[in-house]
Amino acid sequence: MLDIQQVSFAYPGHAPALKELSLTVAAGDFIGLAGRNGSGKTTLTRIMVGLAKPVSGQVLLDGRNTLQCGPAVMARAIGYVFQNPDRQIFRDTVAQEVAFGPEQMDWSDNERTQAVADALRMTGLESVAAAYPRGLTRSFRQRIAIASALALKPRLLILDEPTSGQDAEEKAQLMSLLDELNQQGIGIILVTHDMELLLAHTRRAVVLHQGEKVFDGQTEELFAATTATKVSEWGLRVPDVAAVAAKLEKPLGAVRTVEELADRIEGRLRGDEREKPGAPM
Amino acid sequence: MKNLAPLCNLLLTIMLSVWTVLLWNPLPLAALLALELILIGYAGQAGKLARPVLGLSLVAGFFAVIQLPFDVAIPTAIASGLKMMVMTVAFLLLFATTKLPGLTAALVKQARIPYEYAFLFTSALRFVPDFLAESQAVREAQTCRGYVPSRNPVKRLISYAALVEPMVLRAISRSETMAMSLELRGFGSARRTFSQQIEFHGRDYLVLTLLAAMTAVVVLYR
């Protein structure tokens with residue numbers, strides 16, 4: 001769907017932020033984009049949506065070069081959700097806020113109404129459609145930002161640190177929403193520093209380090225014992241579940257969540273008890 | 001200028017503005033502009049201020065040219081453009097070379113301005129780059145939702161609500177947070193001290209003497 005080819009970018013007076021980076025995003029991907037601060041994550045996503053133009057290289061959307069397309073055009077294909085939803089919310093009700101994007105398009109009344117209704121339903125905001133957006137919690141405001149992007153019916157959604165400032169339950173709810181959207185066929189690129197979320201929810205991980213892509217593969221592979229030392233060098237933290245799974249005398253292999261880890265350990269204990277009591281895990 | 005006391009820098013800016021007001025001949029105004037550009041280079045701010053100065057020169061040029069159809073003499077039009085530019089560059093130079101906490105301390109301790117007013121002044125200045133950054137962020141956020149300003153001037157004006165409203169709401173929220181943060185850190189106490197070094201040294205007195213001499217020359221020969 002999205003093909004980034006040999007893209008380089010530099011801010012004036014600074015070292016290159018991206019160095020000949022290539023990345024292909026397939027329809028329905030769920031990608032975790034990670035890297036330490038200043039590694040080029042945000043620059044890359046800004047280039048994807050047309051907020052920044054690369055110095056060299058090209059960005060192809062369905063085979064068509066997008067370098068001449070501004071973000072307002074790209075919004076039809078790629079939704080961008082900023083870290084701080086308060087920078088975009090300004091209308092009196094949630095429904096009106098979500099309708100802002102569709103109003104910018106040349107859509108009929110029916111199409112517009114349907115787009116807003118769909119976006120509210122997909123994000124679970126129907127019950128607060130008439131509420132004042134700024135009076136809602138951060139978690140709700142972040143959902144409004146996601147709904148606003150979804151109202152334009154994009155095929156890919158890029159979220160820049162969407163869970164910041166949210167408690168554990170709110171994070172879980174938001175990630176559950178992203179899982180659901182992904183199951184409905186919407187591609188997700190999640191920019192995050194939270195490696196637990198990355199491991200638990202994304203299928204593919206892309207790591208940037210000093211403007212270069214240093215890892216692109218299955219998320220479980222990123223935290224496998226062979227790459228774990230590099231992960232620390234790239235400024236990332238190995239999630240506790242992956243660390244525990246790797247530390248066992250007989251490593252458990254790829255584990256994504258605490259529940260999965262517990263199940264595997266219990267399963268092994270049961271098996272070991274049957275075979276040889278007291279055997280190492 | 002970075003080595004001068006904040007109040008000395010402020011006085012230099014004020015005097016540059018006063019001279020600009022007094023002068024109506026393009027040549028001395030151009031000389032003042034040249035002096036400012038030399039000071040920018042001397043202060044090591046050429047790279048940082050090159051773009052704003054270039055932008056200002058375009059605005060000043062436009063300002064001069066737009067007066068010509070109204071029977072304004074060419075030297076007067078040029079002088080008007082130069083006046084605007086010299087005064088603005090003077091303030092750019094001040095803010096590029098003087099730290100705002102030092103300026104606040106100088107206004108309070110040396111110029112005897114009440115702290116609340118000095119703080120208000122410097123806070124307002126500090127808000128300008130924040131405001132520009134916020135404006136850029138809001139514009140980007142709305143553009144990613146399909147916002148494109150209309151070519152129709154009326155529709156364009158109405159559509160600016162999508163940019164202005166979030167900025168105003170954010171500014172109110174931030175000012176509330178800042179007010180609370182200040183109160184919680186003892187803002188408004190009757191007696192206070194400053195950690196900034198603002199005392200005058202020999203070089204400051206030298207600059208003040210030159211300012212006085214230059215002012216006398218401008219008043220006598222303008």
Looking only at the range A:83-129, which residues are under 23 Å from the mean Cα position of the chain (by Cα) and of a type in the set (S, T, N, Q)? A:Gln83, A:Asn84, A:Gln88, A:Thr123
Looking at (1) over 29 Å from A:Arg87 (Cα atoms); (2) modelled with pLDDT of 85 or more; (3) exposed (fewer than 12 other Cβ atoms within 10 Å of the Cβ), which is the only condition B:Arg191 fails? (2)
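Among the residues of the range A:223-259, which ones are part of a helix (DSSP H, G or I) and acidic (Asp, Glu)?
Across the range A:223-259, the qualifying residues are A:Glu233, A:Asp240, A:Glu259.
So, A:Arg121, is that one surrounded by 21 or more Cβ atoms within 10 Å (Cβ to Cβ), more than 14 Å from every other protein chain (Cβ to nearest Cβ), part of a helix (DSSP H, G or I) and not β-branched (Val, Ile, Thr) or not?
The answer is no for A:Arg121.
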Of the residues B:Ser123, B:Ser135, which single one is surrounded by 12 or more Cβ atoms within 10 Å (Cβ to Cβ), hydroxyl-bearing (Ser, Thr, Tyr), within 14 Å of chain A (Cβ to nearest Cβ) and under 22 Å from the mean Cα position of the chain (by Cα)? B:Ser135
If A:Ala243 meets every condition in (1) touching a strand residue (DSSP E or B) at 6+ places or on another chain (Cβ under 9 Å); (2) free of Cβ contacts under 8 Å to residues at least 60 places away in the same chain; (3) over 23 Å from A:Thr43 (Cβ atoms); (4) surrounded by fewer than 17 Cβ atoms within 10 Å (Cβ to Cβ) apart from one, which number is that one? (1)
What pairs can you find where one residue is in the range A:9-28 and more than 14 Å from chain B (Cβ to nearest Cβ) and over 16 Å from A:Arg46 (Cα atoms), the other is assigned to a loop (DSSP other than H, G, I, E, B) and not polar (S, T, N, Q), and their Cβ atoms are less than 8 Å apart, with a gap of 6+ or different chains? A:Ala15/A:Gly211; A:Ala26/A:Met1; A:Ala27/A:Met1; A:Ala27/A:Arg155; A:Ala27/A:Gly185; A:Gly28/A:Gly185; A:Gly28/A:Ile186
Select from the range A:58-68 the residues that are touching a Gly at 6+ places or on another chain (Cβ under 9 Å) and either within 9 Å of chain B (Cβ to nearest Cβ) or crowded, with 18+ Cβ neighbours inside 10 Å (or both) and list them in ascending order. A:Val59, A:Thr66
Has the range A:87-96 got at least one residue that is at the interface with chain B (Cβ under 10 Å from one of its Cβ atoms), in contact with a Ser or Thr (Cβ under 9 Å, 6 or more places away or on another chain), in contact (Cβ under 8 Å) with a residue 40 or more places away in the chain and of a type outside the set (Asp, Glu)? yes
Kindly provide the set of residues from the range A:152-172 that are assigned to a helix (DSSP H, G or I) and buried (at least 17 other Cβ atoms within 10 Å of the Cβ), ordered by number. A:Glu170, A:Lys171
Criterion: touching a Gly at 6+ places or on another chain (Cβ under 8 Å) and among the small types (Gly, Ala, Ser) - qualifying residue of A:Gly217, A:Gly253, A:Gly235: A:Gly235
Tell me the helices (runs of 4 or more DSSP H) entirely within the range A:1-110 that contain at least 3 residues that are over 30 Å from A:Pro239 (Cα atoms). A:71-74, A:94-104
For B:Ile172, work out the one condition from (1) surrounded by 13 or more Cβ atoms within 10 Å (Cβ to Cβ); (2) farther than 21 Å from A:Gly101 by Cβ; (3) within 12 Å of chain A (Cβ to nearest Cβ) it doesn't fulfil. (1)
Only one of (1) away from every other protein chain (no Cβ under 14 Å); (2) crowded, with 19+ Cβ neighbours inside 10 Å does not apply to B:Leu49, and that is (1)
What about A:Ala77, is it on the phi < 0 side of the Ramachandran plot and more than 9 Å from chain B (Cβ to nearest Cβ)? yes
Condition test on B:Ile172, is it part of a helix (DSSP H, G or I), modelled with pLDDT of 85 or more and within 18 Å of A:Arg87 (Cβ to Cβ)? yes
Out of all the residues in the range A:188-205, is one or more in a helix (DSSP H, G or I) and out of contact with any Leu (no Cβ under 9 Å at 6 or more places or on another chain)? yes
Here is a check on your reading of the model: is A:Val55 within 10 Å of chain B (Cβ to nearest Cβ), on the phi < 0 side of the Ramachandran plot, surrounded by fewer than 23 Cβ atoms within 10 Å (Cβ to Cβ) and over 18 Å from the mean Cα position of the chain (by Cα)? no
Show the residue pairs that are 6+ apart or on different chains and have beta-carbon atoms under 7 Å apart, the first residue being within the range B:85-103 and closer than 16 Å to B:Ser123 by Cα, the second being hydroxyl-bearing (Ser, Thr, Tyr). B:Phe91/B:Thr13; B:Leu94/B:Thr13; B:Leu100/B:Thr122; B:Leu103/B:Thr122
So, B:Leu210, is that one more than 10 Å from every other protein chain (Cβ to nearest Cβ) and surrounded by 11 or more Cβ atoms within 10 Å (Cβ to Cβ) or not? yes
Go through the range B:176-211 and report how many residues are of a type in the set (A, V, I, L, M), closer than 18 Å to B:Lys2 by Cβ and out of contact with any helix residue (DSSP H, G or I) (no Cβ under 7 Å at 6 or more places or on another chain). 2
Which numbered condition A:Arg141 fails, given (1) more than 14 Å from every other protein chain (Cβ to nearest Cβ); (2) touching a helix residue (DSSP H, G or I) at 6+ places or on another chain (Cβ under 6 Å); (3) within 27 Å of A:Arg76 (Cα to Cα); (4) charged (D, E, K, R): (1)
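The values are calculated or read from the model by the stated rules, or taken from the named source; none is laboratory data. Here the structure is a predicted model, which means the values were calculated and not measured. Here Cβ is always computed from backbone atoms with ideal geometry, including for glycine, and neighbour counts include all displayed protein chains.
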